[in-house]
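The next block holds one structure in the form of structure tokens; read it before the comments.
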Amino acid sequence: GFFEFKFQNCSDLGMVLAAGLWNLDMDLLRLSLWKPDFNTKSHKNSFAQVWLLIIELPQEYWSARIILAIASTMGTLIALDRATL
């Protein structure tokens, strides 16, 4: 869905936009500036959140550096659960 947020000042808006994606209880919120003539019915979302399961990865490769390298081949890594490392 779509939401509209109004800010008291440009400084607050800039701070929120600079944070990029917001992780809300494992759901993502992506914010962007309003565009003239924006139509929610014709807008197509170009991003999808996916969970990547790496099966049978030998334990010697369980390091943040290696897991990040593997995940980066699929797209931008948003979060890594604590149990993984």
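The numbers here are math on the coordinates, done by the rules we state, and not lab data. On a predicted model such as this, the values are computed, not experimentally measured, just so you know. All Cβ positions, even for glycine, are placed from backbone atoms using ideal geometry, and neighbour counts span all protein chains on display.
If the chain between Ala64 and Leu24 were fully stretched, how many nm would it gain, using 0.36 nm times the residue separation less the Cα-Cα distance?
Once the chain is fully extended between Ala64 and Leu24, it gains 12.1 nm.
Sticking to Cα atoms, compute the Rg of the range 1-69 to one decimal and its Dmax as the biggest Cα-Cα distance, whole number, in Å.
Just the Cα atoms of the range 1-69 yield Rg and Dmax of 17.8, 53 Å.
So what is the calculated 222 nm ellipticity per residue for the chain, using -39500 (n - 2.57) for each DSSP H run with n of 4 or more, over all residues, to the nearest 500 deg cm²/dmol?
Using -39500 (n - 2.57) per qualifying helix, the result is -6000 deg cm²/dmol.
In percent, how large is the relative contact order of the chain, given Cα pairs closer than 8 Å and 6 or more residues apart?
16 percent
Run the dipole for the chain about the Cα centre, Lys and Arg Cβ at +1, Asp and Glu Cβ at -1, nothing else charged, and hand back the magnitude in debye, nearest 20.
280 debye
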